[in-house]
Amino acid sequence: MPKIVATELDWIKLGLQKFAEGGVEALVIEHLAKQLNSSKTSFYWYFKNRILYIDRIIHYWHEQTTTSIIAHIQQHDSLEPKQKVHQLLSVMFSTIAGKDFIYHFRKLGTTSPAYAELLQQIEQQRLDYMSGLLIACELLEHEAKNTSELLYSYYLGWYERNKHRTLNPEETQKQIDLLMPFIEKKHT
């Protein structure tokens, strides 16, 4: 069977999936090429080396899981801030697929200060966005920051506890119902 020339996006999507499953150790170019029914030449057409490939995977993940979600929520100008928080929580708790990516990203950061810094920036972007929404919900700035940290830490722990389960929409709503009182309560 002739080899197929995989696109850059094919390589990135497969790399994202494999990274989420097993970290950088799962990014063996020969194995990925076989899965794409392509050659290693196709890989090197798009990426000069494995490090650049990892960078592209991480930037694609960031775009898909942070930047585009924030942009999507922000485009709904008619939504009240609490509705935007509700929408963000819905996205956070609606799926567990591929979310071990952040675990492996954090692990990569233990051996690479550049990746540790990048993860810190991405997580800070997430926290800042939630804090901004909470300030718009009339929480004081320090309360918004603390609540954002609490919500994000809760989410990470919730994910770790539930990553091997099959979720249903009721589970998502249960988490939202549990967390919304932190946002709806005006603090003084």
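The values are calculated or read from the model by the stated rules, or taken from the named source; none is laboratory data. Everything quoted here is computed from the prediction, not taken from an experiment. In this analysis, Cβ positions are derived from the backbone assuming ideal geometry, glycine residues included, and neighbour counts consider all displayed protein chains. Side chains are part of the model used for accessible areas, which takes the heavy atoms of the whole protein and leaves out ligands, DNA and RNA. Shrake-Rupley method; radii C 1.70, N 1.55, O 1.52, S 1.80 Å.
Residue count for the stretch 13-64 satisfying the condition of being at positive phi and either in a helix (DSSP H, G or I) or open to solvent by less than 10 Å² (accessible area, probe 1.4 Å) (or both): 1. Here A114 does not qualify as under 24 Å from R161 (Cβ atoms), out of contact with any helix residue (DSSP H, G or I) (no Cβ under 7 Å at 6 or more places or on another chain), among the small types (G, A, S) and open to solvent by 30 Å² or more (accessible area, probe 1.4 Å). Here Q120 clears all of (1) open to solvent by less than 70 Å² (accessible area, probe 1.4 Å); (2) at pLDDT 95 or above; (3) over 14 Å from A20 (Cα atoms); (4) not hydrophobic (A, V, I, L, M, F, W, C) except the condition numbered (1). Applying the criterion of being more than 13 Å from the chain's Cα centre (by Cα) and of a type in the set (K, R) to the residues of the stretch 102-149, the residue that is nearest to I51 (Cα to Cα) is K107.
The set of residues in the stretch 78-100 that are within 19 Å of W61 (Cα to Cα) and without any contact (Cβ under 8 Å) to a residue 60 or more places away in the chain comprises L88, V91, A97. When T172, T188, T95 are checked against the criterion of being surrounded by 16 or more Cβ atoms within 10 Å (Cβ to Cβ), of a type in the set (V, I, T) and modelled with pLDDT under 90, T172 stands alone in meeting it.
For the stretch 36-51, indicate whether the set of residues that are of a type in the set (A, V, I, L, M, F, W, C), under 28 Å from Q120 (Cβ atoms) and touching a residue at least 40 places away in the same chain (Cβ under 8 Å) is non-empty. Checked the stretch 36-51: no residue is of a type in the set (A, V, I, L, M, F, W, C), under 28 Å from Q120 (Cβ atoms) and touching a residue at least 40 places away in the same chain (Cβ under 8 Å).
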